[in-house]
Every structure is written in structure tokens, then in C-alpha cells.
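Below is one structure, written out as C-alpha cells, with a few remarks after it.
Coordinate-derived values only; no laboratory data. What you see is a predicted model, and the numbers here were worked out from it, not measured in a lab. As a convention, Cβ positions derive from the backbone with ideal geometry for all residues, glycine included, and neighbour counts pool all protein chains shown.
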Amino acid sequence: MEQEEYILAHGDAEPDYLAKINRKTHLKMINPRMLSGHLQGRVLSMLSKMIQPERILEVGTYTAYSALCLAEGLSAKGKLHTIECDDELEDFIRENIQSSPYQEQIVLHIGDAKKLIHEMDVMFDLVFLDADKREYQVYYDAVFPKLKKGGFMLVDNTLWDGKVLLEVDERDNQTEAIRKFNDYVAADSRVEKLILPLRDGLTLIRKK
């Protein structure tokens with residue numbers, strides 16, 4: 001914790017609108033830990049700015065914090081498509097997007113990501129997966145044909161509180177799914193990959 005505080009003290013602060021979303025999420029949401037937060041948010045922003053994507057896809061919007069961090073790297077005419085399955089979050093998400101400088105560049109989709117990805121006629125430069133961990137491999141396979149050559153995919157929670165290193169309880173479907181997904185990506189010769197021990201694990205993937 002002290003190390004993270006030191007890192008945050010020597011990096012950029014959260015923009016005010018993100019700090020407000022952070023606070024509102026912790027006050028109003030049942031699982032605020034799902035929010036990317038200050039440190040990971042600045043990492044997502046930096047990676048997006050390095051990649052300079054024209055089109056971004058996010059699977060798993062939650063309260064739009066990560067979407068807004070990723071949007072910081074978009075070109076002036078760039079678009080970010082974000083998919084959320086929980087329609088009860090829609091008003092909260094839209095309110096947060098509208099409080100930011102990127103409201104004209106973000107397209108919110110509410111529904112089943114597998115169906116929506118299939119229907120999208122868009123090629124993406126950058127994809128961020130942060131939804132149902134049990135479906136990660138399905139999302140990966142669905143998105144892969146729509147990721148440009150040389151494009152990047154970022155996948156959150158791939159260390160899962162270190163549970164991927166432990167004996168898996170047969171009832172722990174999420175940990176088992178993440179372990180299988182990590183093995184699947186590790187064996188995929190179509191990509192370069194690296195897991196960063198950031199927060200709960202962030203996998204960086206580049207399509208060859």
C-alpha cells in the first residue's frame with residue numbers, strides 16, 4: 001500500500017471528473033472494487049496515448065471510469081465503443097460519460113457482448129476486456145478477427161488476487177476460467193503477450 005501511495009504521489013493526479021466518478025462509485029455501487037481506480041486508470045490512459053488508437057472496444061463498462069481513461073488516447077475523430085450487460089447501470093454510466101470531455105466520442109452499448117461484438121462492422125486498434133471472467137475466452141475469440149494487425153488487447157484481472165497460483169476449488173468457476181484463458185493466450189502463436197503484476201493482473205496482448 002505504501003508503495004502504491006508513493007507511485008501515485010509521483011505520477012499524474014486523477015482528472016476531477018474521474019475523481020468524482022471514483023467517489024460516486026464507492027458510495028453507490030455494491031462492488032466498487034470493480035472500478036479500475038487511479039493507478040490502473042493512469043496506466044490505461046498512458047497505454048492508449050502510446051498506441052494512439054482510432055477505434056477502441058471495451059467489454060465491461062461498469063461505471064465508465066476505464067472507458068474515460070482509455071478515451072484520453074483517442075484521436076480527435078476517434079471513437080470508443082463500450083459494452084455493458086447490466087441495463088440498470090445505464091443511467092449512471094451515461095451521467096458519468098456526460099460529465100467528461102469525451103461524451104461525443106463514446107458509444108455505449110447495453111446488452112450481450114457476444115452478440116453485439118458479432119454485429120459490429122468495425123476494426124479496432126485497441127480492445128479492453130474487463131467483463132465476466134468466465135467468458136474471457138469467448139470474448140477473445142469473438143474480438144480477435146476485429147482487432148487490426150499490430151493492434152493491442154488489454155485484459156484485466158488475469159492474476160485474480162493470486163488465486164491462479166493456488167489449488168482451484170471445483171466450485172470456483174471464475175478462477176478456473178481465468179487460468180484456462182491465460183493458458184490459451186500463452187499458447188496462441190498469433191500474438192505477443194505479457195502479464196503485468198499491476199493491481200489484479202493486466203495482460204498486454206499484441207496481434208502479430
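Quick notes on this structure:
- Residue pairs, from the table K79/K148; K114/K163; K133/K180; K24/K114; K146/K207, whose Cα atoms sit over 18 Å apart: K114/K163; K24/K114
- Filtered trypsin sites (Lys or Arg not before Pro), the range 1-85: DSSP coil and at most 16 other beta carbons within 10 Å: K77
- Selection from S100, A113, L74, by position along the positive dipole direction of the range 62-120 (Cβ): L74
- Amide H contacts under 5 Å for L196, placed H, 5+ residues apart: L202, T203, L204
- Rounded to the nearest whole Hz, the Karplus-based 3J(HN,Hα) values (6.51 cos²θ - 1.76 cosθ + 1.60, θ = phi - 60°) of the range 131-144 follow the sequence 10, 4, 5, 5, 10, 3, 5, 5, 4, 4, 5, 5, 7, 3, with x at glycine and proline.
- Within a Gaussian network of the chain (alpha carbon springs, distance under 10 Å), most fluctuating of E192, E135, E167: E167
- Mean ellipticity per residue at 222 nm, deg cm²/dmol - from DSSP H runs of n ≥ 4 across the chain, formula -39500 (n - 2.57): -11500 deg cm²/dmol
- Taking the fewest neighbouring Cβ atoms within 10 Å as the starting point, the ordered list for M50, M34, M1 is M1, M50, M34.
- DSSP beta bridge pairing in the chain, given as percent antiparallel to the nearest 5: 35
- Centre-to-centre, using Cα atoms only, the range 1-68 and the range 135-195 are separated by 21 Å.
- Amide H partners (placed H, <5 Å) of F124, local residues excluded: L147, K148
- Neighbour-count order for D132, D169, fewest beta carbons within 10 angstrom listed first: D169, D132
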